Amino acid sequence: MNIGYARVSTQDQRPELQLDALAAASCEQVFHEKVSGQGKDRPELETCLKVLRKGDTLVVWRLDRLGRSLNNLVEIVHGLEQQGIGFKSLTESIDTTSAGGRLVFHIFAALAEFERNLIRERTVAGLAAARARGRKGGRKAKLTKADVRKAAAMLLDPLMTKTEVAKHFGISRVTLDSALKREGYPQNPLFNRQQV
């Protein structure tokens with residue numbers, strides 16, 4: 001059975017072009033929705049994927065109607081393939097039920113993998129370059145070394161609590177504890193007083 005899926009991004013777009021093409025492709029059932037491709041919630045697509053059975057073919061008008069990105073598209077089609085479900089994109093003339101269509105889609109999958117690897121390599125290279133310049137990855141510390149020294153000095157006052165010191169710097173007690181530990185301040189019992 002051919003089952004179609006159509007999607008338009010905004011309320012202004014009309015699905016008729018897609019619906020007509022899917023009807024011409026002999027789709028016995030068509031799911032369609034108006035939702036951005038970037039949105040994670042696509043209830044009609046989820047229902048469509050649940051309805052598909054081994055031997056069926058999912059048909060779309062164009063590749064970008066199905067996937068949010070190349071990686072997402074490859075993931076969906078790979079999942080269909082594992083269940084014995086075919087995939088057709090009418091505009092791009094891709095049909096994974098044929099040897100040529102499978103070849104084209106495997107090329108897409110290789111490109112998606114290549115893109116993921118490039119992103120990973122750029123991230124690793126960027127972190128290495130930052131470390132070489134003396135910067136560490138991760139979030140910038142909320143307290144400078146001078147702030148931590150000041151906080152430690154404030155905590156030596158028997159009338160000052162950690163909660164008050166944290167509030168003074170606009171941070172939580174957990175962040176204050178982490179900063180004191182990071183800068184090597186001993187776990188002074190005075191530092192652990194609770195607000196009374």
Of all residues in region 140-171, count the ones that are surrounded by 14 or more Cβ atoms within 10 Å (Cβ to Cβ) and either within 36 Å of the chain's Cα centre (by Cα) or over 30 Å from Leu127 (Cβ atoms) (or both).
20
Region 117-139, residues that are surrounded by 12 or more Cβ atoms within 10 Å (Cβ to Cβ) and either in contact with a strand residue (DSSP E or B) (Cβ under 9 Å, 6 or more places away or on another chain) or not small (Gly, Ala, Ser) (or both):
Leu127
The strands (runs of 3 or more DSSP E) lying entirely within region 18-105 that contain at least 2 residues which are over 11 Å from Gly4 (Cα atoms) and modelled with pLDDT under 95 are 29-34
By residue number, the members of region 144-171 that are hydroxyl-bearing (Ser, Thr, Tyr), assigned to a loop (DSSP other than H, G, I, E, B) and farther than 21 Å from Gly184 by Cβ are Thr161
Got a sec? Which of Arg65, Arg102 is without any contact (Cβ under 8 Å) to a residue 40 or more places away in the chain and assigned by TED's automatic domain parsing to the domain that holds Arg14?
Arg102
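The values are calculated or read from the model by the stated rules, or taken from the named source; none is laboratory data. Not measured: the values here are computed from a predicted model. When we count neighbours, we look across all protein chains shown, and the Cβ atoms used for this are built from the backbone with ideal geometry, even at glycine.
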